[in-house]
1. So which of LYS36/LYS97; LYS146/LYS171; LYS14/LYS36; LYS20/LYS97; LYS36/LYS70 end up more than 23 Å apart by C-alpha?
2. Mind checking Rg over Rh on segment 105-200, alpha carbons, Kirkwood formula for Rh?
Amino acid sequence: SRIKDVEFVKSSPKAKDCPKDHRPEFAVLGRSNVGKSSLINSLVRKKELALTSKKPGKTQLINHFLVNKKWYLVDLPGYGFAKASEAAKVDWSSFTKGYFLNRDTLVAVLLLIDASVPPQRIDFDCANWLGRNNIPVTFVFTKCDKMKVAKGKIPEENIRDFQEIIKQNYKQHPPWIMTSSVTGLGRDDLLLHVSQLRNY
Ligand code: GTP
Ligand code: MG
């Protein structure tokens, strides 16, 4: 599961514009600010491969990164940013849903969930939508290093609360991994998981 080589391939406005070479791919999805770009950078050990500085809501593109010339990591725009206009929100959902429903080479969605905050409605909605459409999902809990929350719960407790709610909609609980882009927690687990899914 070692990463030897990563290259940015292209940004696509729509599913039909994505690369057509049939390599397997994993989509990184989650709320704006959940840590998608940070996780990708930490996975591939490159500081600025996926831009972490982009304004939320601006990017409406599907970004393909080719790993070891074998499989793709796909960075998607975040959902749920408070400042996006209604029009942008509608756009987000039609374009991303088009991608999820039409992308035959999609092996699984890595759905990022911020473990430093309590369960968020919009994350369940997303998880449930993927479940209903039979799209395999792995929950990747981010920011697990954030132990000092002023008020509220520690990451482990937030994760447990999240999973309690997920149980009601999934017969089988999807795989899940705790990560931190700051400490590197979960990095190797996640790479191993991805390589196992690819080899099914
Ligand atoms: P959008 O592109 O706006 O959708 O955001 P994103 O999901 O790509 O988030 P990004 O990686 O840009 O990170 C958002 C903020 O969270 C940044 O300030 C990061 O430094 C911080 N962050 C990301 N991952 C972690 C983590 O594992 N731990 C901690 N403590 N902070 C993190
Ligand atoms: Mg980002």
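Where a number appears in this text, it was derived from the coordinates with a stated rule and is not lab data. Please read all numbers here as calculations on a predicted model, not as lab measurements.
1. Beyond 23 Å: LYS146/LYS171.
2. That ratio is 0.97, to two decimals.
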